[in-house]
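Undergrad: I have a structure here, written as structure tokens, and I will follow up with some questions on it.
The values are calculated or read from the model by the stated rules, or taken from the named source; none is laboratory data. Fair warning: this is a prediction, and the values are worked out from it, not measured in the lab. Reconstructed Cβ throughout: ideal geometry from the backbone, glycine too, with neighbour counts over all protein chains shown. For accessibility, only protein heavy atoms count, side chains too; no ligands or nucleic acids. Shrake-Rupley method; radii C 1.70, N 1.55, O 1.52, S 1.80 Å.
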Amino acid sequence: MLNQGAALAEVILRESGVRDLVKTTVWSAHPASTVRIGGLLDKDCQTPIQGCYCMDASVMPAAWGLPPMVTIVAMAKRLAKHLTAPLETRVVGREPG
């Protein structure tokens, strides 16, 4: 199953324009907290680069040691709602009604 995910990720990256791809052994872990919200990211998971967002386990404030998938999916849905909101709504920080 992990190898299928790795193969799909490679297809997505190649179709996104990635030319140089480094492959390592596929393994499973729950690394977290490398690009924390409130650290490198703002409350909407935007990096200091305007329009560049991050949404995976790295945004967590600390490593949990437990599978974070449900939380990541919920946070990704929140980010998707933010990104699809009209720009004027996002600028003033209100959620669309």
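Undergrad: Can you work out which of the residues in region 25-56 that are among the β-branched types (Val, Ile, Thr) and exposed (fewer than 13 other Cβ atoms within 10 Å of the Cβ) is modelled with the lowest pLDDT? Reasoning before the result, please.
TA: Of region 25-56, the ones among the β-branched types (Val, Ile, Thr) are 25-26, 34-35, 37, 47, 49.
From what is left, the residues that are exposed (fewer than 13 other Cβ atoms within 10 Å of the Cβ) are 25, 49.
Details: 25: 81, 49: 93.
Per the criteria, the residue is 25.
Undergrad: A further question follows. Output the residues belonging to region 47-70 that are outside any helix (DSSP H, G or I), without any contact (Cβ under 8 Å) to a residue 24 or more places away in the chain and within 15 Å of residue 33 (Cα to Cα). I'd like the intermediate steps shown before the answer.
TA: Filtering region 47-70 down to residues outside any helix (DSSP H, G or I) leaves 47-56, 60-68.
Next, only the ones that are without any contact (Cβ under 8 Å) to a residue 24 or more places away in the chain stay: 47-52, 54, 56.
Those that are outside any helix (DSSP H, G or I), without any contact (Cβ under 8 Å) to a residue 24 or more places away in the chain and within 15 Å of residue 33 (Cα to Cα): 47, 54, 56.
Undergrad: Now for a separate question. Looking at region 71-83, is at least one residue charged (D, E, K, R), open to solvent by 60 Å² or more (accessible area, probe 1.4 Å), free of Cβ contacts under 8 Å to residues at least 12 places away in the same chain and out of contact with any Gly (no Cβ under 8 Å at 6 or more places or on another chain)?
TA: Taking region 71-83 and keeping what is charged (D, E, K, R), we get 77-78, 81.
From what is left, the residues that are open to solvent by 60 Å² or more (accessible area, probe 1.4 Å) are 77-78, 81.
Keeping just the survivors that are free of Cβ contacts under 8 Å to residues at least 12 places away in the same chain gives 77-78.
Subsequent filtering for residues that are out of contact with any Gly (no Cβ under 8 Å at 6 or more places or on another chain) retains 77-78.
Checked against the condition, which is being charged (D, E, K, R), open to solvent by 60 Å² or more (accessible area, probe 1.4 Å), free of Cβ contacts under 8 Å to residues at least 12 places away in the same chain and out of contact with any Gly (no Cβ under 8 Å at 6 or more places or on another chain), region 71-83 yields at least one hit.
Undergrad: Also, I was wondering about something else. If you take the residues in region 84-97 that are part of a helix (DSSP H, G or I) and loosely packed, with under 11 Cβ neighbours inside 10 Å, which one is modelled with the highest pLDDT? Break it down into steps so the answer makes sense when it comes.
TA: First, the residues of region 84-97 that are part of a helix (DSSP H, G or I): 84, 87-92.
Subset that is loosely packed, with under 11 Cβ neighbours inside 10 Å: 84, 87-88, 91-92.
Details: 84: 91, 87: 74, 88: 68, 91: 59, 92: 50.
Of everything passing the filter in region 84-97, 84 is modelled with the highest pLDDT.
Undergrad: Something else: In this structure, is residue 10 at pLDDT 90 or above and surrounded by fewer than 10 Cβ atoms within 10 Å (Cβ to Cβ)?
TA: Values: at pLDDT 90 or above: yes; surrounded by fewer than 10 Cβ atoms within 10 Å (Cβ to Cβ): no.
Judged against the criteria, residue 10 is not a match.
Undergrad: Given the conditions (1) part of a loop (DSSP other than H, G, I, E, B); (2) open to solvent by less than 90 Å² (accessible area, probe 1.4 Å); (3) in contact (Cβ under 8 Å) with a residue 12 or more places away in the chain; (4) out of contact with any Cys (no Cβ under 6 Å at 6 or more places or on another chain), which single one is not true for residue 21?
TA: Here residue 21 clears every test but (3).
Undergrad: Test residue 43 against the criterion of being part of a loop (DSSP other than H, G, I, E, B), under 17 Å from residue 71 (Cβ atoms) and free of Cβ contacts under 8 Å to residues at least 24 places away in the same chain, and give yes or no. Steps first, answer last, please.
TA: Values: part of a loop (DSSP other than H, G, I, E, B): yes; under 17 Å from residue 71 (Cβ atoms): yes; free of Cβ contacts under 8 Å to residues at least 24 places away in the same chain: yes.
Considered against the rule, which asks whether it is part of a loop (DSSP other than H, G, I, E, B), under 17 Å from residue 71 (Cβ atoms) and free of Cβ contacts under 8 Å to residues at least 24 places away in the same chain, residue 43 comes out as yes.
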